[in-house]
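*Asks:* Below is the structure I would like to discuss, written out as structure tokens.
The values are calculated or read from the model by the stated rules, or taken from the named source; none is laboratory data. Remember, predicted model here, so these are calculated numbers, not experimental data. Every residue, glycine as well, gets a Cβ built from its backbone with ideal geometry; the counts of neighbours run over all protein chains shown.
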Amino acid sequence: MSAAERAYAPVAAPRRPSLRAVPLRGSRAPRAPFVVLVLLVLGIGLIGLLVLNTALQQGAFELGELQSTTDELRDRQTDLADRVAERSAPDALADQANRMGMVPAEESPTFLDLSGGNG
């Protein structure tokens, strides 16, 4: 065979191995425990959120009650401060003294010196 014939001669393709189906193995992990685990984690998470939400709502309710109590006490303190101011006014003190039978002094007050000195 000449060099030209060898160059153009058909080349036999290498043989590929034939393909065949591989049988399934029995080592596949069961899905049921994984599904149960995921559902359990989700359930615990939902219950946790419910408990957290309930605690926050109760805290908000107590805060509202405390704010209303604070407002009532602030109003009462204002009323009492106004009553004290009214009763401490000079006119109110003079009227109260007259009702108790007190009379204004006619003379200037006299001061006693109790130090024991002669003077």
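*Asks:* Checking the condition modelled with pLDDT of 95 or more and of a type in the set (D, E, K, R), which residue from GLU106, GLU86, GLU72 passes?
*Replies:* Checking each option against the conditions leaves just GLU72.
*Asks:* Quick check on this structure: which one of LEU19, LEU73, LEU63, LEU56 is over 20 Å from the mean Cα position of the chain (by Cα) and farther than 30 Å from LEU93 by Cα?
*Replies:* Checking each option against the conditions leaves just LEU19.
*Asks:* Tell me whether segment 23-41 contains one or more residues that are loosely packed, with under 10 Cβ neighbours inside 10 Å and β-branched (Val, Ile, Thr).
*Replies:* no
*Asks:* Pairs under 7 Å by beta carbon, first residue closer than 21 Å to PRO104 by Cα in segment 78-93, partner not hydroxyl-bearing (Ser, Thr, Tyr), six or more apart or different chains?
*Replies:* Here the result reads ALA92/GLU86, each pair linking segment 78-93 to a residue that is not hydroxyl-bearing (Ser, Thr, Tyr).
*Asks:* Conditions: (1) at pLDDT 90 or above; (2) loosely packed, with under 10 Cβ neighbours inside 10 Å; (3) not polar (S, T, N, Q). GLY117 meets all but one. Number of the miss?
*Replies:* Among (1) at pLDDT 90 or above; (2) loosely packed, with under 10 Cβ neighbours inside 10 Å; (3) not polar (S, T, N, Q), the lone unmet condition for GLY117 is (1).
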